[in-house]
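One structure is given below, encoded as structure tokens.
The values are calculated or read from the model by the stated rules, or taken from the named source; none is laboratory data. Computed from a predicted structure; not experimentally measured. In this analysis, Cβ positions are derived from the backbone assuming ideal geometry, glycine residues included, and neighbour counts consider all displayed protein chains.
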Amino acid sequence: MAFLQKAFPYVLTVALLFGVAGAYLGNWAIGAAHGGIILSFIIGGFIWFQTSDRDSVVPFRIPLSMWSLLLLAGIAILSVVMNWESYDRPVKDLKKLRYLLIPAGLFLFPWCRTLLFSRSRFLLKSGLKVLVVTVSIVTIASFIGLLTGFHPLTFDAPRYDDRISGVFGLSLSFANSLVLTVLVLTGLVIASIKGFIEPGKRQFWLLIGVTVLLMAGLYFSTSRGALLALFCGLGVLALSLRSRLLIGLMALGVVGIVGVSIITDNLFVRKFQVGIDSIRIAQWKAAALTFADHPTVGVGFRQFEKQCGDLKLKYDMPEDQPTWSEDENGELRIVGMKRMSSHAHNNYLEAFASTGVFGGLAFLAFTGFWFREINSDPVAKIVFVPAIVAFAVAGFFENTFTDSEVLHWIVFVYIASQLFLLSDRNNVNRV
């Protein structure tokens, strides 16, 4: 028992820090984090029921956003059960629900909540250090891969030769995780300037430098949706602070990005020329028709992507994705068309199509309640509300809530924001 009591805080702390690193290091770190957190649930629970003093429990009122997450997980389970025969491996999809259940376990299990409260300052500061180091290394390595054709972290050629994509290999996943990090770091810089938090002088300038680096990384990921989300998040921050300087810098940034993109005819411009938007609109239409056809429990959690091609055929939708082949000169030519089978490229339509009306409403509730809860705290709203806005905006153009890598980071940003609030209510210095 004594060994378990000593091991429990280390297991949970290391698992949480691995979770922060996992946002950019890949599935091995995410898997290690989830395994460690689940192990800590078991070890902590055993210790708690054997020895714990119930009077030492940190009081905690379950926020509506967390209830919404739990409700969404329950509806997702129901959607799998009701569509069981359409799944090839239903248990594999059910395992993905751990992303939604981990935050609830951390705050609802009293043994975890007590540890989070007692180590809140350490966890927030250590998590920030791990994040800054990890995302900086990955972004710099991605730039090296773009410039040299060799990615020093994957020891291979990067997936794309015209954009950066982290170590996952998917530029959209990297961009939609990066935009949340950029906005959280920006919020920390603003909170430091306003005196809400007091990092050292070196740490302050380090935050600024890393934020600039990540903004450059976000631009060269060429995700239009993520960039739009960035400017919406910064816009909300500027309006809440009534900062004319920040508004002016944003306007200058928008004009600069548009101007450079047009002058250099870079990938942002070319994306408007190759029919990508028409494909995305077709995905939205297919998801909307699927919801209309399966309004109660949808086609099943994470099933829309797998059935999309067949659903388009069912709804008599035209082929929308070109197939390419090299000609005798080595140039790519369109040789035919097919129906694209992918996710909805929209969090909201994906939720409604996959889990029905109740799942869609639960997802909307989670987003809305999360925003309201964080917006009620004067410091947390500076640090986290821009990221929540970016998550909501990016969700109109990309499916981030069932993309495991991005969802993992969304969940950890959510955990950090709730830890901020928990610390504030109990008068703990957070950063």
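Kindly establish whether residue 304 is modelled with pLDDT of 80 or more and buried (at least 17 other Cβ atoms within 10 Å of the Cβ). Outline the logic, then answer.
Values: modelled with pLDDT of 80 or more: yes; buried (at least 17 other Cβ atoms within 10 Å of the Cβ): yes.
For residue 304, the condition - modelled with pLDDT of 80 or more and buried (at least 17 other Cβ atoms within 10 Å of the Cβ) - is met.
So which residues in segment 346-390 are of a type in the set (S, T, N, Q) and within 15 Å of the chain's Cα centre (by Cα)? Lay out the reasoning, then the answer.
Our first condition is that a residue be of a type in the set (S, T, N, Q); within segment 346-390, this holds for 346-347, 354-355, 367, 375-376.
Hits for segment 346-390 are 346, 347, 367.
Consider residue 37 carefully, then state whether it is in a loop (DSSP other than H, G, I, E, B) and at pLDDT 85 or above. Reasoning before the result, please.
Values: in a loop (DSSP other than H, G, I, E, B): no; at pLDDT 85 or above: yes.
Judged against the criteria, residue 37 is not a match.
Report yes if some residue within segment 108-129 is over 15 Å from residue 420 (Cβ atoms), of a type in the set (S, T, N, Q), touching an Asp or Glu at 6+ places or on another chain (Cβ under 6 Å) and not in a loop (DSSP other than H, G, I, E, B); otherwise report no.
No: segment 108-129 contains no residue that is over 15 Å from residue 420 (Cβ atoms), of a type in the set (S, T, N, Q), touching an Asp or Glu at 6+ places or on another chain (Cβ under 6 Å) and not in a loop (DSSP other than H, G, I, E, B).
Taking residue 272 as the residue in question, decide whether it is under 29 Å from residue 147 (Cβ atoms), modelled with pLDDT under 90 and surrounded by 15 or more Cβ atoms within 10 Å (Cβ to Cβ). If you could, list the steps in order and put the result at the bottom.
On the way: under 29 Å from residue 147 (Cβ atoms): yes; modelled with pLDDT under 90: yes; surrounded by 15 or more Cβ atoms within 10 Å (Cβ to Cβ): no.
No; evaluated as a whole, the condition is false for this residue.
Is segment 43-61 home to any residue that is touching a Phe, Trp or Tyr at 6+ places or on another chain (Cβ under 7 Å) and under 30 Å from residue 154 (Cβ atoms)?
Within segment 43-61 (the criterion being touching a Phe, Trp or Tyr at 6+ places or on another chain (Cβ under 7 Å) and under 30 Å from residue 154 (Cβ atoms)), the answer is no, since none of the residues qualifies.
In segment 386-408, how many are among the polar types (S, T, N, Q) and within 11 Å of residue 183 (Cβ to Cβ)?
Kept after step one, since they are among the polar types (S, T, N, Q), are these residues of segment 386-408: 399-400, 402, 404.
Retained after the next criterion (residues that are within 11 Å of residue 183 (Cβ to Cβ)): none.
Count: 0.
Residue 344: outside any loop (DSSP other than H, G, I, E, B) and of a type outside the set (D, E, K, R), yes or no?
On the way: outside any loop (DSSP other than H, G, I, E, B): no; of a type outside the set (D, E, K, R): yes.
Spelling it out, it is not the case that residue 344 is outside any loop (DSSP other than H, G, I, E, B) and of a type outside the set (D, E, K, R).
Starting from segment 62-86, take each residue that is farther than 20 Å from residue 113 by Cβ and list its partners that are among the basic types (Lys, Arg), counting only C-beta distances under 9 angstrom and pairs at least six apart or across chains.
These pairs meet every condition: 76/96; 76/302; 80/302; 86/306.
Can you find a residue in segment 40-60 that is in contact with a Pro (Cβ under 6 Å, 6 or more places away or on another chain), surrounded by 13 or more Cβ atoms within 10 Å (Cβ to Cβ), within 25 Å of residue 126 (Cα to Cα) and in contact (Cβ under 8 Å) with a residue 40 or more places away in the chain?
Looking through segment 40-60, at least one residue is in contact with a Pro (Cβ under 6 Å, 6 or more places away or on another chain), surrounded by 13 or more Cβ atoms within 10 Å (Cβ to Cβ), within 25 Å of residue 126 (Cα to Cα) and in contact (Cβ under 8 Å) with a residue 40 or more places away in the chain.
Give segment 150-200 a look and list any residue that's closer than 17 Å to residue 27 by Cβ, buried (at least 21 other Cβ atoms within 10 Å of the Cβ) and without any contact (Cβ under 8 Å) to a residue 40 or more places away in the chain, or say none.
Selection gives 151 alone.
Give me the pairs, please: first residue somewhere in segment 114-131 and β-branched (Val, Ile, Thr), second residue anywhere and modelled with pLDDT under 85 and part of a helix (DSSP H, G or I), beta-carbon distance under 8 Å, and either six or more positions apart or on two chains.
Close Cβ pairs satisfying both conditions: 114/56.
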